Amino acid sequence: MEGGRPTLKSGFKKMVLWKLSDPERQRKKRSRWIKLDKTKNEIREKIWGILEKEEVALFPGARGRIPNFRGAEMAARLLPTLPEWHRALHIKANPDSPQRSVRHLALSSGKTIYMAVPRLRAKKCFIKLDPSKISSQKFHEASSIKGAFRYGLPVHPKEIPQIDTFDGAKPLFLNRGKKRRSVSTLSIPRASDRGVEWVDLIVAGSVAVNRKGSRVGKGGGYSDLEYAIGREFGFVKEDVMIVTTVHPLQIIDEDLPETDHDFRIDYIATPNEITPIHREGGRPKGIIRDHLTEQKASEIPILKEILSSN
């Protein structure tokens, strides 16, 4: 104990144990932090271990995954507090368990979802879930991976309309920095009026995040590829709003290792709060060929198509 607060020292910096059931610590908005001199794999292992030790990891478990966590549904319920959520009608979402509540909420809110096919294993690597074509009684089922394949439509990235199809010109998005302006200040039509379906918002899963917007995924690099594919095919804008939902134990105060193919997020949602990120720097313009392993380039159908066309 240190200063009345429990700490953990086995290979970590001292860290405050955050409990969902502790209102005082919730009010103080304590974040977890951990000594990171290390590789992404070491970071993943430590975060997975913390979630297991604190018994906040839920089925199907933490290790090797974007970890499902206690409070995931509560974190999803905070997203409607964002103006960007209300404006967005077309969302690209990851297929992982902790973001199922976000997918359900999106369908219930009338938003079309483009859910990535796990591991991008098909050339039609997104599942389009159109709430107008699904019974509202089936929204919860459709928000699962199995249900998405049952009620959704597999689509090729070229079937998702490009941003520059709007009146022959690309809409203007202001750079997001510390004084970023909301796109609501611009005369950009809502998606329902503009007649095209570029992605308005991206939901990403994370193993670890920090308050600079850096994130670590489960290690496959698929979220980065999904974003890059969107840039390649023109349905994702560099400054698209990206949110992640995590347990507070997944938030750290140290820098995270990053490469040129990583993207940073704009909001972190936990069961108790949403934290805006004043991220710096740009995002990848598309697939970075030099960063692809031979295995990925040969096994992911859409990558083979992109590489063979260039």
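The values are calculated or read from the model by the stated rules, or taken from the named source; none is laboratory data. All of these numbers come straight from a predicted model, not from anything done at the bench. Ideal geometry is used to build each Cβ from the backbone, glycine not excepted, and the neighbour counts take in all protein chains shown.
I'd like to check something: does the stretch 111-123 contain any residue that is buried (at least 16 other Cβ atoms within 10 Å of the Cβ) and at positive phi? Yes: one or more hits.
Please tell me if Gly219 is of a type in the set (Gly, Ala, Ser) and more than 18 Å from Asn68 (Cα to Cα). For Gly219, the condition - of a type in the set (Gly, Ala, Ser) and more than 18 Å from Asn68 (Cα to Cα) - is not met.
Matching residues to (1) touching a strand residue (DSSP E or B) at 6+ places or on another chain (Cβ under 7 Å); (2) among the basic types (Lys, Arg):
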residue: Val216; (1), (2): yes, no
residue: Thr245; (1), (2): yes, no
residue: Ile251; (1), (2): yes, no
residue: Arg264; (1), (2): no, yes
residue: Ala269; (1), (2): yes, no
residue: His278; (1), (2): no, no
residue: Gln295; (1), (2): no, no
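Can you name the residue in the stretch 283-298 that is β-branched (Val, Ile, Thr) and surrounded by 12 or more Cβ atoms within 10 Å (Cβ to Cβ) and is also farthest from the chain's Cα centre (by Cα) among such residues? Within the stretch 283-298, the match that is farthest from the chain's Cα centre (by Cα) is Ile288. Residues in the stretch 150-160 that are part of a helix (DSSP H, G or I) and surrounded by 15 or more Cβ atoms within 10 Å (Cβ to Cβ) were compared, and the one that is modelled with the lowest pLDDT is Glu159. If you check Ser214 against the conditions, is it free of Cβ contacts under 8 Å to residues at least 12 places away in the same chain and not aliphatic (A, V, I, L, M)? So Ser214 does not fit the description; no.
The rows are residues; the columns are (1) closer than 24 Å to Ala208 by Cβ; (2) in a loop (DSSP other than H, G, I, E, B).
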{"site": "Asp255", "(1), (2)": "yes, yes"}
{"site": "Arg264", "(1), (2)": "yes, yes"}
{"site": "Pro271", "(1), (2)": "yes, yes"}
{"site": "Glu280", "(1), (2)": "yes, yes"}
{"site": "Lys285", "(1), (2)": "no, yes"}
{"site": "Gln295", "(1), (2)": "no, no"}
{"site": "Lys304", "(1), (2)": "no, no"}
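In the stretch 298-310, the residues that are over 21 Å from Pro154 (Cα atoms) form Cβ pairs under 9 Å with partners that are exposed (fewer than 14 other Cβ atoms within 10 Å of the Cβ), at six or more places apart or across chains, as follows: Leu307/Arg289; Asn310/Arg289. Looking only at residues of the stretch 133-143 that are in a loop (DSSP other than H, G, I, E, B) and buried (at least 17 other Cβ atoms within 10 Å of the Cβ), we find that the one that is farthest from the chain's Cα centre (by Cα) is Ile134. Just to be sure before I move on: is Leu107 in contact (Cβ under 8 Å) with a residue 60 or more places away in the chain and crowded, with 22+ Cβ neighbours inside 10 Å in the structure I sent? It is false that Leu107 is in contact (Cβ under 8 Å) with a residue 60 or more places away in the chain and crowded, with 22+ Cβ neighbours inside 10 Å.
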